[in-house]
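Reviewing the structure listed below.
The values are calculated or read from the model by the stated rules, or taken from the named source; none is laboratory data. The structure displayed is predicted, hence computed values, not measured ones. Every residue, glycine as well, gets a Cβ built from its backbone with ideal geometry; the counts of neighbours run over all protein chains shown.
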Amino acid sequence: MRESCYCGRAGEIEDREPVTDGDGRRALKCPDCGHLDHLSWLSADARVRVFEEAKRREADRRMPLTA
């Protein structure tokens with residue numbers, strides 16, 4: 001899902017970093033400015049799917065490349 005952040009960054013929302021805010025709520029963090037999006041504009045089911053995909057992509061980015 002493509003989106004734009006307030007800072008001007010555009011890209012896949014699932015490529016943001018999944019985090020937990022100070023209140024214990026899940027959010028996606030913009031890698032450029034740190035803005036947190038709690039995805040409250042999505043249905044509960046869609047939110048779960050986006051958070052799961054963001055978590056999977058984060059794990060893929062952290063996995064070292066093997067030759």
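General remarks:
Table: residues versus (1) of a type in the set (Phe, Trp, Tyr); (2) touching a Phe, Trp or Tyr at 6+ places or on another chain (Cβ under 8 Å); (3) within 14 Å of Glu53 (Cα to Cα).
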| site | (1), (2), (3) |
| --- | --- |
| Glu12 | no, no, yes |
| Arg16 | no, no, yes |
| Val19 | no, no, yes |
| Gly24 | no, no, no |
| Leu28 | no, yes, yes |
| Leu36 | no, no, no |
| Ser43 | no, no, no |
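- Filtered by the rule that a residue be aliphatic (A, V, I, L, M) and either at pLDDT 95 or above or part of a strand (DSSP E or B) (or both), region 22-43 gives Ala27, Leu28, Leu36.
- Checking Glu17, Glu53 one by one, the residue that is of a type outside the set (Lys, Arg), buried (at least 16 other Cβ atoms within 10 Å of the Cβ) and without any contact (Cβ under 8 Å) to a residue 40 or more places away in the chain is Glu53 and no other.
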